[in-house]
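Scroll down for the structure; my scribbles are underneath it.
The values are calculated or read from the model by the stated rules, or taken from the named source; none is laboratory data. Keep in mind that this is a model prediction, so the values were computed, not measured. Heads up, the Cβs are rebuilt from the backbone with ideal geometry, glycines too, and the neighbour counts pull from every protein chain shown.
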Amino acid sequence: MGDYDTGNTSSFATNTCRSFDAYPFSSPTPVNENCSAHGCDHLGHLEYWMSHLPNKPGVTSNGNLKNWWKYIVDYDGAIQELGLNQSNCTAANAVDLGAPGTQVTVPNNGCVKVQNGYPAWWGTRNMQLQNPSGSYPVPFTWSNSCAGSSGSGSFTGDWQTKLIGPTNSQCATLIDLQGSGSGNVTILYHSGS
């Protein structure tokens, strides 16, 4: 059975899908199968493949979740469960950027938010982040829990614009700057419509 040849009963292919039922394993066990293992159709093939994704509770000795569905369905939760989310950036300790267009200088590994300066008309909309000056690169992650949105970006030079969103003025938009900590960056925001 070749790639995507999910209905071919005469060809056999070697796979290690069943090995993942016992994840973690020391070495995979290859099996020769034809399409009868998954019903000889595309949906059956997907169900067969996904049913063998590791899905047991716990963590492996090398620090991976035994349930890979957690990575697929809730990656942020999986990272937090493993204790890898080491960010101390919270709405309580973030520097507020104030009103749109206000330039605020912070350490390039600082924590900023837009919360108290949202204009009354903001509602839910995209936001443009800009950086007039700074020490680069400054990777960042951002989130807005009311809009259920998050993402990442990076400033690599002066006066770049990064569109993030949607953001919602009912909650803080939290921006975790992840530069080296050896310099500052100036940040401001505008409506991205």
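For the range 125-154, taking the residues that are under 18 Å from the mean Cα position of the chain (by Cα) and aromatic (F, W, Y), the one that is surrounded by the fewest Cβ atoms within 10 Å (Cβ to Cβ) is identified as W142. Applying the condition of being of a type in the set (G, A, S) and more than 22 Å from W69 (Cα to Cα) to the range 9-36 and asking which residue is modelled with the highest pLDDT yields S36.
Looking across the range 2-43 at every residue that is in contact with a strand residue (DSSP E or B) (Cβ under 6 Å, 6 or more places away or on another chain) and more than 20 Å from L53 (Cβ to Cβ), the one that is surrounded by the fewest Cβ atoms within 10 Å (Cβ to Cβ) is identified as N32.
If the condition is being in a loop (DSSP other than H, G, I, E, B) and touching a Phe, Trp or Tyr at 6+ places or on another chain (Cβ under 8 Å), then the range 151-182 contributes T156, G157, S169, Q178, G179.
Scanning the range 52-109 for residues that are within 18 Å of F140 (Cβ to Cβ) and modelled with pLDDT under 85 returns Y75, D76, I79, L84, N85, Q86, S87, N88.
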